[in-house]
Structure formats: C-alpha cells, structure tokens
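> So that we are looking at the same thing, I have put the structure below in structure tokens.
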Amino acid sequence: MNELYSWLSGQHPGLATFKTLQLKLSKLAADHPDQRAMCRLLNGIVGSYIAEFDEAPLPSTIADRAYRRLLQSLAELDVAADPAKQFGDLNRLAELDLTP
C-alpha cells in the first residue's frame, strides 16, 4: 500500500492518473489476494469518479479535492493492522466519495 501511496503522491490529479490507478489496483489485487477487498472497493470508488467526468470538463478545484481525499484515504489504510482495524478501514473507505 505504501508503494501505491508513493506513486499517487507524485502524480497529477487528472483523470489519466485515476485511470492508471485502476490498473495498478487490479494488479495489486492479483498479486496480493489478502488486499483484494480494499483494491476492489477503491477501484469502484475511482471508477465512479472517472465515469462522472469522462468526456466532460474536469474543473481543477474538483480534481484537486478528489485527489487529496484519495491520497488521505490511502495514507490512513493499514494493511498490516489486526482484522478489526482493517474492517474499520474498509468501512471508512466505503464512505469515500470523490465526486463533488
């Protein structure tokens, strides 16, 4: 997860970054089955955001806010935590909405 956060923190907040993130999440889920739920949840959240703005203008303020929310959410995930904490992390992640 740290790798994903490090990668994302160096990216531009545009839709291309979010589309690439979806590919990275798919690979992470395949390579680390124990993180599959988190990856699929994030993939769905990112996918909804992409669908909202694909083929439409994306104001920079919205892109920046979504990017910061996603980055903060990734920073808060602890895949090495005990199952109860991980479950709480997944529940908080499920509330994440990147759209305005």
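> Output wanted: per-residue J couplings in Hz (rounded whole) for segment 3-18, from phi through Karplus 6.51 cos²θ - 1.76 cosθ + 1.60, θ = phi - 60°, x for Gly and Pro.
The phi angles translate into 4, 5, 4, 4, 4, 4, 5, x, 9, 7, x, x, 4, 4, 5, 5 Hz.
> Any idea how far apart Thr20 and Arg36 come out in nm if each label point goes 7 Å out from Cα toward Cβ?
2.8
> Classify the chain: rounded, prolate or oblate, from the alpha-carbon gyration tensor (a ≥ b ≥ c, eigenvalue square roots; a/c under 1.5 rounded; otherwise prolate if a/b is larger than b/c)?
It comes out prolate by the Cα gyration axes.
> Another question, then. Under a point-charge model restricted to the Cβ atoms of Lys and Arg (+1) and Asp and Glu (-1), what is the dipole moment magnitude of the chain relative to its Cα centre, in debye to the nearest 20?
100
> Add +1 for every Lys or Arg and -1 for every Asp or Glu among the other residues with Cβ under 12 Å from the Cβ of Pro83, and state the total.
Within the 12 Å Cβ shell, the charges total -3.
> Report the net charge of residues surrounding Leu8, where surrounding means a beta-carbon distance below 13 angstrom and charges are Lys +1, Arg +1, Asp -1, Glu -1.
Counting the neighbours of Leu8, the net charge comes to +3.
Every number in this text was worked out from the coordinates using simple rules, so none of it is lab data. Note that the structure is predicted; figures quoted are calculated from it, not measured. So basically every Cβ, Gly included, is an ideal-geometry build from the backbone, and we count neighbours across all protein chains shown.
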